[in-house]
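These notes are about the structure you will find just below.
The values are calculated or read from the model by the stated rules, or taken from the named source; none is laboratory data. Treat the numbers as computed from the prediction; the structure is a model and nothing was measured. Positions of Cβ are generated from backbone atoms using ideal geometry, with glycine treated the same way; all protein chains shown enter the neighbour counts. When the accessible area is computed, the model is the full protein with side chains, heavy atoms only, and any ligands, DNA or RNA have been set aside. Shrake-Rupley method; radii C 1.70, N 1.55, O 1.52, S 1.80 Å.
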Amino acid sequence: MTVMILFATVEGQSRKVAEFAADQVRACGQEAILTNAEDLGADLDMSDVGSVILVAPVHERRHPPAFEITVGAQKAALAKCKTLFLSVSLNAAFADGLEEAEGYIKEMEMRTGFTAGTVKAIAGAVKPGSYDYFATQVVRHVLLDDRPYDPNDGPREFTNWDDLKVHIRTFLG
């Protein structure tokens with residue numbers, strides 16, 4: 001069976017999650033097609049695809065526009081496939097942010113008109129050295145305010161790879 005991993009990325013963590021998903025698909029003996037939504041717009045051939053893993057980050061409460069446009073344009077084709085949506089956000093790294101992270105998924109479902117068969121909020125990463133002043137302040141005083149991580153400690157990956165592996169392999173059967 002062919003599994004498409006349709007992804008978008010902003011800082012690179014979602015690409016890393018998508019590549020990890022592709023590795024899991026291959027380890028289960030299935031073919032993986034890694035497709036970046038930024039590279040194709042709404043033009044996507046899913047004729048030989050049986051399952052789709054969607055992977056996208058959240059920035060400013062939204063998934064990337066090209067990703068949402070592609071999902072919305074392909075909702076009929078996606079509805080014919082078994083689907084898993086992995087929404088990558090920093091809020092998902094913290095128990096007190098999980099409900100908000102799941103809300104981002106609901107908001108995207110409303111914008112695109114598509115609901116994946118299985119959804120999972122995945123913890124992302126923080127890369128303080130790569131942000132401009134404004135983004136640094138948002139990360140420090142909004143996203144990480146009163147949370148057990150100091151951006152001055154440097155980059156940190158919150159993604160739980162073992163947990164993610166279980167979710168992907170469960171999805172694959």
Point to revise | Boolean, ILE69 is outside any loop (DSSP other than H, G, I, E, B), open to solvent by less than 30 Å² (accessible area, probe 1.4 Å) and touching a residue at least 12 places away in the same chain (Cβ under 8 Å) | key: no
Exercise for review: Among residues belonging to the stretch 78-108 that are out of contact with any strand residue (DSSP E or B) (no Cβ under 7 Å at 6 or more places or on another chain), open to solvent by less than 30 Å² (accessible area, probe 1.4 Å) and assigned to a helix (DSSP H, G or I), point out the one that is farthest from ARG156 (Cα to Cα).
Suggested key: MET108
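Yes/no per residue for (1) of a type in the set (S, T, N, Q); (2) at pLDDT 95 or above; (3) assigned to a helix (DSSP H, G or I):
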{"position": "VAL139", "(1), (2), (3)": "no, no, yes"}
{"position": "ASP145", "(1), (2), (3)": "no, no, no"}
{"position": "TYR149", "(1), (2), (3)": "no, no, no"}
{"position": "THR159", "(1), (2), (3)": "yes, yes, no"}
{"position": "ASP163", "(1), (2), (3)": "no, yes, yes"}
{"position": "VAL166", "(1), (2), (3)": "no, yes, yes"}
{"position": "THR170", "(1), (2), (3)": "yes, yes, yes"}
Point to revise | PRO64, sole failed condition from (1) within 18 Å of GLY173 (Cβ to Cβ); (2) surrounded by fewer than 20 Cβ atoms within 10 Å (Cβ to Cβ) | key: (1)
**Study point:** Criterion (part of a loop (DSSP other than H, G, I, E, B) and either in contact (Cβ under 8 Å) with a residue 24 or more places away in the chain or open to solvent by 70 Å² or more (accessible area, probe 1.4 Å) (or both)) met by exactly one of SER47, SER51
**Key:** SER47
Study note, to complete from the structure: Taking the stretch 109-121 and the residues there that are of a type in the set (A, V, I, L, M) and free of Cβ contacts under 8 Å to residues at least 60 places away in the same chain, the one that is least open to solvent (accessible area, probe 1.4 Å) would be ALA121
Revision key, fill the gap. Note on the stretch 17-37: residues surrounded by 19 or more Cβ atoms within 10 Å (Cβ to Cβ) and either within 11 Å of the chain's Cα centre (by Cα) or of a type in the set (Gly, Ala, Ser) (or both) are VAL17, ALA18, ALA21, ALA22, ALA32, ALA37
